[in-house]
Amino acid sequence: MKIAFIGLGNMGLPMAVNLVAAGHQVHGYDLAEAALAAFAAAGGQRSGSVSQALEGAEAVITMLPASRHVEALYLGAAGVLAQVPVGTLLVDCSTIAPAVARKVAAAAAEAGHIMLDAPVSGGTGGAKAGTLTFMVGGEAAAFERGRPLLEAMGKNIFHAGGCGSGQTVKVCNNMLLGILMAGTSEALRLGIANGMDPQVLSDVMLRSSGRNWTLEVYNPCPGVMAQAPASHGYADGFGVDLMLKDLGLAQESALATGTPTPLGALARNLYDLHSKAGHGRLDFSSIYNLLASQA
Ligand code: NAD
């Protein structure tokens, strides 16, 4: 299949590379030259513009930072909707506001296209390994059409419901993840301040009732887990500012429905403080540093 893939960042690049490995003809585009060069080096076809990537594409996949990028790319005057032939499959994998996902999907349907919101979970490790979880919103027939592409990039492909529902699931999941990462960091800091070896403490909690995904694959304490961003200066991974965005989306959804989310609000404030202290581009597990002992 000929695919246009827009947004070759920490997540998009390995996802697009997995589509190439599955035998698809993938034309990638990103604003950053380094991303284009990395994609070409991995066997992908680099495009000089969005329009060039879209030429002849049967499907378009986007992996962009936030709502405003997705809106601009799809709905702009020279946007994707204005350029692709009727019936093109459009899959947005970015994490964005559910309301924006519904707005873009409605415009796509009006223009005769088929659109899915398909945000992911699993981090850069899952993107590289092709084991991402996809939470997909859209019509059932559209979901079935998109499934083979998603299976080349992920292991668990869920149909969440109508347009925007993939984003709603993602927002709930990431609010919980932000809380869990802050909570795990706090527990580790408490143990270390009281003389514990973080490796021993992590091993025990991993086999006890405090067990969670951050302890399993993403320990925030440097040195405990060789492959985790914490052991690599908190570089790459899932940025603090992206987590802050997701926690903001959770608060918007909470306000809109009058749902009490006090822990989500607290987590958002913690990541906001951390970002404002200049750490927005570090991996989100660096929230561990915000909780350093003051003793
Ligand atoms: P990133 O910042 O590494 O990558 C985004 C890329 O989009 C950048 O390379 C940027 O140059 C490019 N871009 C922006 N506007 C563009 C445009 N108009 N045309 C072409 N390229 C454009 O971000 P990421 O970590 O890859 O995250 C992407 C999305 O995936 C975000 O919505 C994020 O919330 C979500 N997500 C990230 C992770 C993770 O672990 N990093 C996990 C799950 C979901």
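Express the carbon and sulfur contribution to the solvent-accessible surface of the stretch 138-286 as a percent, rounded to the nearest whole number, probe 1.4 angstrom. Solvent-exposed carbon and sulfur of the stretch 138-286 make up 61 percent of the total. Restriction of the GluC sites (Glu not before Pro) in the stretch 1-83 to DSSP coil positions whose beta-carbon has at most 14 other beta-carbons within 10 angstrom yields 55. For the chain, relative contact order (Cα pairs under 8 Å, six or more residues apart, normalised by length) works out to 13 percent. In a simple Cβ point-charge model (Lys, Arg +1; Asp, Glu -1; nothing else charged), the stretch 141-295 has a dipole of about 180 debye relative to its Cα centre.
Going by Cα centres, the stretch 129-189 and the stretch 235-278 are how many Å apart? What the calculation gives is 17 Å, centre to centre. Between residue 227 and residue 52, the FRET efficiency estimated from the beta carbon spacing at R0 = 45 angstrom works out to 0.80.
For the set 255, 290, 36, solvent exposure ranked by accessible area (probe 1.4 Å, protein chains only) runs largest to smallest as 255, 290, 36. Highest mean packing first, where packing is the average number of other Cβ atoms within 10 Å per residue, the peptides 268-274, 24-30, 231-237 line up as 24-30, 268-274, 231-237.
Excluding residues on the same chain fewer than 8 positions from residue 103, give the lysines whose Cα lies under 20 Å from its Cα. Within the straight-line limit of under 20 Å, residue 103 reaches these lysines: 170, 245.
Take the Cβ-Cβ distance between residue 147 and residue 106 as r, set R0 to 30 Å, and report the resulting FRET efficiency rounded to the nearest 0.05. Walk me through the numbers on the way to the answer.
Values: r = 22 Å, r/R0 = 0.74.
Approximately 0.85, to the nearest 0.05.
Here the stretch 94-129 is scanned for amide nitrogen atoms under 12 Å from the site 7 Å beyond the Cα of residue 259 along Cα-to-Cβ, giving 98.
Note on the chain: helix-only mean residue ellipticity at 222 nm, from DSSP H runs of 4+ residues weighted -39500 (n - 2.57) and normalised by residue number, equals -15000 deg cm²/dmol. When only Cα pairs below 8 angstrom with a gap of at least 6 residues are kept, the stretch 1-150 shows a relative contact order of 20 percent. From the cross-link list 128/276; 155/276; 2/128, which pairs have alpha carbons spaced over 28 Å apart? Check vs 28 Å cut-off fails for 128/276; 155/276. Of the residues 35, 108, 141, the one that moves most in a GNM of the chain with alpha-carbon contacts below 10 Å is 141.
Across 206, 89, 242, mean-square fluctuation computed from a Gaussian network of the chain (C-alpha pairs under 10 Å connected) peaks at 206.
The values are calculated or read from the model by the stated rules, or taken from the named source; none is laboratory data. On a predicted model such as this, the values are computed, not experimentally measured, just so you know. FYI the Cβ positions are ideal-geometry reconstructions off the backbone, even for glycines, and counts take in every protein chain you see. Accessible surface is based on the protein model in full, side chains and every heavy atom, while ligands, DNA and RNA are left aside. Shrake-Rupley method; radii C 1.70, N 1.55, O 1.52, S 1.80 Å.
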